[in-house]
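Working notes, structure below.
The values are calculated or read from the model by the stated rules, or taken from the named source; none is laboratory data. Since the model is a prediction, treat every value here as computed from it, not as a measurement. Here the Cβ is made from the backbone with ideal geometry for all residues, glycine too, and neighbour counts use every protein chain on show.
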Amino acid sequence: MKIYNSLSNQIEEFKPLREGKVSIYVCGPTVYNYVHVGNLRPVVVFDVFRRLLMHLGYDVTFISNFTDIDDKVIAQAQKEGLSEKEIAEKYIKAFEQNREDIHALKPTYQPRVTEVMDKIIDFIKTLLDKGYAYQTKSGDVYFRVHKIKDYGCLSNMKADDLMVGARVEENDEKENPYDFALWKMTDVGIKFDSPFGKGRPGWHSECVVMINSLIEGGRIDVHGGGSDLKFPHHENEIAQEEAYYGHKIATYWMHNGFINIDGVKMSKSLGNVILAKDYLEKLGGNVVRFMLLNTHYRLPVNFNEELVESSKASLERIESSYRKLCIEIERRGEFKEVSYDEDKLNKFVSSLEDDLNTANAISELYQEVKEINILLRNKNVNLDELNKNLSTLEKMLSLLGLEFERKILSKEDLELLQKYDEAKAKKDFATSDELRNILIEKKLL
């Protein structure tokens, strides 16, 4: 399997640190509001990646966090008249519903910042003791960026190229304008006791500590997230881990592209943000997921009405073939758990193994649907062949996370189908046409 490593900017052969095991960390949401559809892209991308690894036989540890302490969480708590904990619980619950609605597997671990506060404080204290951090007169603690020789290795952004106030926080108390906060002193909102004073941690330390708390030695195989997190968040994670452990946290860094709305990048300032819950309610999990998978994960996805309609049409075609195949199997006998077609599935999986090329995998799915439609027209095909194609199709759908229910025929359904066949055999066209309309309405033809 090959994946594009953002750290080396090239396609690399995937080799996990531990034989047969893979550890993945994907940055989760800051839970201060309902997430937008852009937040669903890493959920879907890395869910498919996880499913692929599991299919290949790996024991996968999948971690995705919740940032439940942040300036935005505090501001929203004040706005809604709730505590920070109540705000976090409210929007974690909403996000979990989105994850379920889009058919993503539940992470192995879902750490929260508030659960590792003692570890964060110890982590910062160690960086201070090592000389990688310093405390200002006002009490804030900052990380010394200049101590990391290859700072900018992930984003290819050098300190000389950055502008104060643009990508970094300007502060007269900092030794260097590019230094970032590890601990913030505050009088507003929730705060925690520490040797540095009452305050709360900086965002960039939180993910590092959550990884370190769950993975021995703090080194994982894959760190994922949106491309907007590459700098400064992921860059600063690497810097801290190098200071603490002497490595870059992850062997492979994977970043998914943005979502555009009608060709324009989605942003609150432009007022074109689409909430995930609204889109999922309107279109359903399969359609939204399919829209996200139709484009290679590293490229931007352009959400527009054309993509919505084409995705709906494609899924209807897939579901129709799946439903008809299930009906034909029931009419002829019964569902049997048989192995899938190795050659067909290998082509499909090979597309996913090529830097998670879901667009090419979907092309293989279309080919399987086409062959099933041909097969259904062959009245001499045996039951085992039908079941084999069903197993193959279901495995492809499962790897993509697309969910369709098997059509189970009732006694009435079977009787209608039998009467329809008898009317056609007798050339009783009036009866067969009448029955055909009923069967089509019941989605049995």
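For residue 185, which of the numbered conditions (1) surrounded by fewer than 17 Cβ atoms within 10 Å (Cβ to Cβ); (2) farther than 24 Å from residue 249 by Cβ; (3) at pLDDT 90 or above fails to hold?
For residue 185, the exception is condition (1).
Give me the residue from the stretch 376-398 that is within 22 Å of residue 102 (Cβ to Cβ) and surrounded by 20 or more Cβ atoms within 10 Å (Cβ to Cβ) and, out of that set, nearest to the chain's Cα centre (by Cα).
Restricting attention to the stretch 376-398, the residues satisfying the condition of being within 22 Å of residue 102 (Cβ to Cβ) are 393-398.
Narrowing the set further to residues that are surrounded by 20 or more Cβ atoms within 10 Å (Cβ to Cβ) leaves 393, 396.
On the way: 393: 22, 396: 18 Å.
Filtering first and then ranking leaves 396.
Select, from 337, 415, the only residue that is in contact with a helix residue (DSSP H, G or I) (Cβ under 9 Å, 6 or more places away or on another chain) and among the acidic types (Asp, Glu).
Unique residue meeting the criteria: 337.
Given the condition among the aromatic types (Phe, Trp, Tyr) and more than 28 Å from residue 187 (Cβ to Cβ), answer yes or no: does some residue in the stretch 52-66 qualify?
Looking for residues that are among the aromatic types (Phe, Trp, Tyr) and more than 28 Å from residue 187 (Cβ to Cβ), one finds at least one in the stretch 52-66, hence yes.
Sort out which residues of the stretch 340-365 are out of contact with any helix residue (DSSP H, G or I) (no Cβ under 6 Å at 6 or more places or on another chain) and without any contact (Cβ under 8 Å) to a residue 12 or more places away in the chain, and write them in order of number.
Across the stretch 340-365, the qualifying residues are 342, 343, 346, 350.
Among all residue pairs at least 6 apart or on different chains, which show Cβ distances below 8 Å where the first residue, located in the stretch 408-432, is closer than 17 Å to residue 325 by Cα and the second is outside any helix (DSSP H, G or I)?
409/444; 413/442; 413/444; 417/409; 417/444
If only one of 142, 134 is in the same structural domain as residue 230 (by TED's automatic domain parsing), in contact with a Ser or Thr (Cβ under 9 Å, 6 or more places away or on another chain), aromatic (Phe, Trp, Tyr) and on the phi < 0 side of the Ramachandran plot, which one is it? I'd like the intermediate steps shown before the answer.
Working: 134 fails: in contact with a Ser or Thr (Cβ under 9 Å, 6 or more places away or on another chain).
The unique qualifying residue is 142.
Go through (1) modelled with pLDDT of 95 or more; (2) surrounded by fewer than 16 Cβ atoms within 10 Å (Cβ to Cβ); (3) not hydrophobic (A, V, I, L, M, F, W, C) one by one and return the number of the condition residue 138 breaks.
It fails just one condition, (1).
Could you identify the single residue in 215, 220 that is within 20 Å of the chain's Cα centre (by Cα) and of a type in the set (A, V, I, L, M, F, W, C)?
On the way: 215 fails: within 20 Å of the chain's Cα centre (by Cα).
After applying the criteria, what remains is 220.
Only residues that are part of a helix (DSSP H, G or I) and among the hydroxyl-bearing types (Ser, Thr, Tyr): list them for the stretch 383-411, please. Reasoning before the result, please.
First, pick out the residues of the stretch 383-411 that are part of a helix (DSSP H, G or I): 383-400, 411.
Answer for the stretch 383-411, where residues must be part of a helix (DSSP H, G or I) and among the hydroxyl-bearing types (Ser, Thr, Tyr): 391, 392, 398.
So which residues in the stretch 180-197 are in contact (Cβ under 8 Å) with a residue 40 or more places away in the chain and either assigned to a loop (DSSP other than H, G, I, E, B) or under 31 Å from the mean Cα position of the chain (by Cα) (or both), if there are any at all?
Listed by number, the residues that qualify are 180, 181, 182, 183, 184, 188, 189, 190, 194, 195, 196, 197.
Residues in the stretch 95-115: is at least one surrounded by 17 or more Cβ atoms within 10 Å (Cβ to Cβ), of a type in the set (Val, Ile, Thr) and more than 30 Å from residue 402 (Cβ to Cβ)?
Scanning the stretch 95-115 turns up at least one residue that is surrounded by 17 or more Cβ atoms within 10 Å (Cβ to Cβ), of a type in the set (Val, Ile, Thr) and more than 30 Å from residue 402 (Cβ to Cβ).
Could you say whether any residue in the stretch 4-17 is among the charged types (D, E, K, R) and farther than 16 Å from residue 298 by Cβ?
Within the stretch 4-17 (the criterion being among the charged types (D, E, K, R) and farther than 16 Å from residue 298 by Cβ), the answer is yes, since at least one residue qualifies.
Can you tell me which residue within the stretch 220-235, out of those that are surrounded by fewer than 21 Cβ atoms within 10 Å (Cβ to Cβ) and among the charged types (D, E, K, R), is nearest to residue 40 (Cα to Cα)?
That would be 228.
Can you tell me which residues in the stretch 206-217 are part of a helix (DSSP H, G or I) and at pLDDT 95 or above?
Hits for the stretch 206-217 are 206, 207, 208, 209, 210, 211, 212, 213, 214.
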